[in-house]
1. With respect to A:Leu332, is the statement that it is at pLDDT 95 or above, in the same structural domain as A:Gly102 (by TED's automatic domain parsing) and over 26 Å from A:Phe252 (Cβ atoms) true?
2. Hey, can you tell me all the residues within segment A:338-349 that are facing chain B (nearest Cβ under 8 Å) and closer than 24 Å to B:Val189 by Cα?
3. Whether any residue in segment B:276-294 is within 17 Å of B:Ile325 (Cβ to Cβ), at pLDDT below 95 and among the acidic types (Asp, Glu) is what I want to check.
4. Would you pick out the residues in segment A:142-197 that are in a helix (DSSP H, G or I) and facing chain B (nearest Cβ under 10 Å)?
5. Out of B:Pro130, B:Pro121, B:Pro101, I need the residue that is closer than 22 Å to B:Val189 by Cα, in contact (Cβ under 8 Å) with a residue 24 or more places away in the chain and touching a Pro at 6+ places or on another chain (Cβ under 9 Å). Which one?
6. Filter segment B:441-462 down to the residues that are open to solvent by 10 Å² or more (accessible area, probe 1.4 Å) and not in a helix (DSSP H, G or I), then identify the one that is farthest from A:Phe347 (Cα to Cα).
7. Here is a list of conditions, (1) in contact with a strand residue (DSSP E or B) (Cβ under 6 Å, 6 or more places away or on another chain); (2) within 11 Å of chain A (Cβ to nearest Cβ); (3) open to solvent by 10 Å² or more (accessible area, probe 1.4 Å), and B:Met220 meets all of them except one; can you say which number that is?
Amino acid sequence: MNDQIQEWRERVRRAASSGDALQPRGGGTKSFYGRTLVGDVLDTRAHAGVVGYEPTELVVTVRGGTPLAELEAVIAEKGQMLAFEPPHFGPTATVGGCVAAGLSGPRRLAAGALRDYVLGVKLLDGRGEVLNFGGQVMKNVAGYDVSRLIAGSLGTLGLILEVSLKVLPRPVAEATLSFELDEAQAIRRLNEWGGQPLPLSASAWYAGVLALRLSGAEAAVRSAVQKLGGTRVDDGEAEALWAAVREQTHDFFVGTGQSAGTAESALWRLALPSVAEPLGLAGEQCIEWGGSLRWLRSSASAEQVRARAEALGGHATLYRGGNRDGEVFHALPAPIMAIHRRLKSAFDPAGVFSPGRLYNGF
Amino acid sequence: MNTIHEALAPGEQEADFSGVDKVRVVEALARVLPAGALLYEAEDLRPYECDGLSAYRQVPMIVALPKTEAEVVAVLKVCHELGAPVVARGAGTGLSGGALPHANGVVLSLARFTRILSVDPYSRTAVVQPGVRNVSISEAAAPYGLYYAPDPSSQIACTIGGNVAENSGGVHCLKYGLTVHNVLRVRGVTIDGEVVEFGNHGPDAPGYDLLALAIGSEGMLAVVTEATVKLTPTPQLARCVLAAFDDVTRAGDAVAAVIAAGIIPAGLEMMDQPATVAVEDFVHAGYPLDAKAILLCESDGTPEEVAEEVERMRAVLEASGATEIRVSRDEAERLRFWAGRKAAFPAAGRLSPDYYCMDGTIPRKHIGAMLEAIEVMEGKYGLRCINVFHAGDGNLHPLILFDANQPGELERAEAFGAEILELSVEFGGTITGEHGVGIEKINQMCSQFTRAELAAFFRVKAAFDPAGLLNPGKAIPTLNRCAEYGRVRASGGQLPHPELPRF
């Protein structure tokens, strides 16, 4: 075991016995996400580098502190990509932070979420034990799927030392179309298209315009472009648009989360069934993922937003801004919350790792 | 924080349920279940003594056949209160003994949960009860041009509840994913009778990803009462490329070359020469019998897309040294190509009185080395093995041929299988790709995981099932068992469902 890991193990054990908290932190690009952070920073960037990459296996194994941009550059050289298009939110984003946050970008519409691509993790748990779960192969049902549990757990179950991710070939062809549609029309069209064998790979609706990206074989993209109509967006412009949606530098997102505490600047993330009707809440929206992801800037109260999300069969997250000392994630039913507490205790009995970041109390 | 679980140190040794009082459990269950939903006489219990892995048999103490979620809740509450272990069971087609009953326990059959609650083409989802057969979902969705993608070989019989428990795959998972990628929400009941939902109808749920934990948990965390599955638009067209090779390693390399070319085939299967010869005799698929190995490489999508991809596949396979390439000209020919692959298990059954199917997964680059190692093992154990692989995802199904009536053959087959699994772990792979650990591969879990990792699994189980009553003794070996492992090899398996295709 290398010296860095040994040092971290000892640090975790000391923290566990003294009752101190630690917060694993990579580039700090997603520190805004989740509840207010506490504990001493454990800088994960000391443990970086691609451990193994064989393009023909469609798997890359990488240390948690590796810059996300570096990983993406390495696999791009072989014509491959992280199909879930994770947001970076800054040049210093790390792979460990990306997996811990569990966030996916525009391509999640068709390719699936980050958790779908996690094949294995090496975790330093709250006892100071180094544990391996999953592996480097696509199909693996030995033991519980702890790797996917770690995805999106926001550093509350341990420190991600290493992760194996499935990668995919970059599509041969892409094209973006735009359509002038109101919110309800856009939702309807997206769901209708979703039921047809079309190579959809991303969607974003904002201010009466729906942008739709198609990816796949040349022939498939060409025939879909003909079939769907709309206006073809220039390739350079399209690339900039999807990058802006992914990184939240798009006009809609600019200004969100700037002045914490004011309701108008808060950014809500509503994850809903794709067919859910228009929200009917005051404010502005950007809709992604075929209708299932609705970004909202609204003067509505937290209670109103959460109640509406729940009524539509989904949940709401206070993504940026607002009060980060209160709960930012949707309330859990009591039996589910009890399981969460016991899982936290299973991996981190002393509550060393990022306490309170996910929910108050653990 | 919670110190109870620390003190319990779950998973040190096998739990002892010998004190469970059958009369009390029967009486308590009779109060919560309607007549005909409770079996406890020896002759009624016999049909439940095994699942698809018939080498392991155990008559349960009691079988409960609830029909509603409220009845499931009531059964679990009774078992929880009286400390009786519970083994949930779907169609009983599993290949790893995951539904093997407990001598002092209750088999909770979900066989009466057979309703498809909704099929919604607009949201492309279906809500189904756990006892719905896998293929029934696709049949119900077909009028809308949709289907449920995971297609385990037993799909005409296996049920979605069992698919969730095992994270079942099939021949198309390289492109379309496993059960975990195609189930959006699971509703279930924990051992203390709480109704819980993991995942939801949207893209994700708040908090930890309990859905991912529940899928593939082999009935150890909760009992499924309902699932929402994703439906996928049916591809307009599929065509299959058959490529022959005069060398197994070259065939293995061709698999890597297809992937390296940026192609994700809808299916990518490999058979060695003994396998093609065995099936040709049986189904006359027209395979080139002089080839050392063949690949079946499928493309699906729009006609334009398929034409483009098939040409790319052909170019890569030619460059990889294929001695012959055929592209299916019509649906009948495509199905004939597949018929041979799907007949591999019954063909093995014709060659030999018994066979033992393995399920390791390895990185693709080791396929050639694994085949060579298996050839050496054939000599070592004096048994033949025919090899069929889900090559695209490195999932191997070597079929070890033996005759249980010949003294020593079963033991040699088991040792042969165990060596393949341990080599899979050495190659950086896993002991089970899609059949589950169950009881069959529980000892090999000791080779794949450390004590600390096994302890972590037990704590995960305890987070859902603190009393350890759901399917005890499966999937995760106790530390005691691992300490003993080395000489203790579990006995092998034959298939009790000869009518089902297995691939």
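The values are calculated or read from the model by the stated rules, or taken from the named source; none is laboratory data. Small disclaimer: the values here were computed from a predicted structure and weren't measured. So basically every Cβ, Gly included, is an ideal-geometry build from the backbone, and we count neighbours across all protein chains shown. In case anyone asks, the SASA skips ligands and DNA or RNA and just uses the protein heavy atoms, side chains included. Shrake-Rupley method; radii C 1.70, N 1.55, O 1.52, S 1.80 Å.
1. Numbers: at pLDDT 95 or above: yes; in the same structural domain as A:Gly102 (by TED's automatic domain parsing): no; over 26 Å from A:Phe252 (Cβ atoms): yes.
When the stated conditions are applied, A:Leu332 does not pass them.
2. Those that are facing chain B (nearest Cβ under 8 Å) and closer than 24 Å to B:Val189 by Cα: A:Ile339, A:His340, A:Arg341, A:Arg342, A:Leu343, A:Lys344, A:Ser345, A:Ala346, A:Phe347.
3. Scanning segment B:276-294 turns up no residue that is within 17 Å of B:Ile325 (Cβ to Cβ), at pLDDT below 95 and among the acidic types (Asp, Glu).
4. Start the filter on segment A:142-197 by keeping residues that are in a helix (DSSP H, G or I), which leaves A:146-150, A:183-194.
Correct list: A:Val146, A:Ser147, A:Arg148, A:Leu149, A:Ile150, A:Arg188, A:Asn191, A:Glu192, A:Trp193, A:Gly194.
5. Numbers: B:Pro130 fails: touching a Pro at 6+ places or on another chain (Cβ under 9 Å); B:Pro121 fails: closer than 22 Å to B:Val189 by Cα.
Exactly one of B:Pro130, B:Pro121, B:Pro101 is closer than 22 Å to B:Val189 by Cα, in contact (Cβ under 8 Å) with a residue 24 or more places away in the chain and touching a Pro at 6+ places or on another chain (Cβ under 9 Å), namely B:Pro101.
6. B:Gln444
7. B:Met220 satisfies every listed condition except (3).
Residue-by-condition table, conditions (1) farther than 27 Å from B:Ser54 by Cβ; (2) aromatic (Phe, Trp, Tyr); (3) out of contact with any helix residue (DSSP H, G or I) (no Cβ under 7 Å at 6 or more places or on another chain):
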| residue | (1), (2), (3) |
| --- | --- |
| B:Glu372 | yes, no, yes |
| B:Gly382 | no, no, no |
| B:His390 | no, no, yes |
| B:Ile431 | no, no, no |
